[in-house]
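Worksheet: the structure to be examined is printed underneath.
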Amino acid sequence: MQYLLGLICLTAICIESGLAISCYECNSALDKRCIGDANNQLSDDLRKPCPEKKDDKPYTLCRKIKQMIDFEVNGLQPDSRVIRTCGWEDSQYKNRCYQRSGFGGRQEVCACDGNNCNGSSFVAASMSLVAGVLVLLKIHNF
C-alpha cells in the first residue's frame, strides 16, 4: 500500500499542467533585464507561454543563447548579448550546451526541457526528478 501511494505521488508530481511549455523570452540587446541581476534572477514578466508550433515543429524546450562578436565584422562592433527563447526538439543537445563559432563571433547555446528553465546560468535538474527521488527515498526509509 505504501508503494502504491508513493507511485501515485510520483505520477502526480511528474504530470505537466499541459503540453505547452513556458520560457523566458528576451534579448539583452533590446532589454538589459535579459542578462539577469547579480544573483542571475530574471524578472517574472519575461516569462512567456510558448506558441504551440512554428513551421509545423512543436515547441518543446527553452534555449539560452550567449552571442559574442569578438571584433568588428560587417559593420557590427564587438559586443555580447544573451537571448532567451522557446525552441523545438533537438534530442542531440537536449538538456546540454554546445558552442559554435565563425569568423569574428561565437555563441553558446543551452537547451532545457522544463518550464522557465532558461533563466538559470546552467541547465538544472528538473524539480519533478528531484521531488520523485525524495519520495522514493522516503518510501524506502533511507
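A straight Cα-to-Cα reach below 17 Å connects Lys64 with the lysines Lys32, Lys48, Lys94, residues fewer than 8 places away in its own chain not being considered.
Computed from backbone phi, the HN-Hα couplings of segment 76-89 come to 8, 7, x, 6, 9, 8, 10, 10, 10, 7, 6, x, 10, 4 Hz, rounded to whole numbers (Karplus: 6.51 cos²θ - 1.76 cosθ + 1.60, θ = phi - 60°; Gly and Pro given as x). Every Cα-Cα pair of segment 20-126 was included, and the share exceeding 24 Å stands at 25 percent. Have a look at the DSSP beta bridges in segment 20-126 and tell me what percent are antiparallel, nearest 5. Here the share of antiparallel DSSP bridges comes out near 95 percent. Under 5 Å between amide hydrogens, built in the peptide plane, is the criterion, and for Ser80 it picks out Ile69 among residues at least 5 positions away or on other chains. When you count the other C-beta atoms within 10 angstrom of each residue and take the mean per peptide, 57-68, 74-85 line up highest first as 57-68, 74-85.
For segment 20-126, the relative contact order is 32 percent, taking Cα pairs closer than 8 Å that sit 6 or more residues apart in sequence and dividing their mean separation by the residue count.
Read-outs throughout are calculated quantities, based only on the coordinates presented, and are distinct from any laboratory measurement. Small disclaimer: the values here were computed from a predicted structure and weren't measured. Positions of Cβ are backbone-derived with ideal geometry, glycine not excepted, and every protein chain shown enters the neighbour counts.
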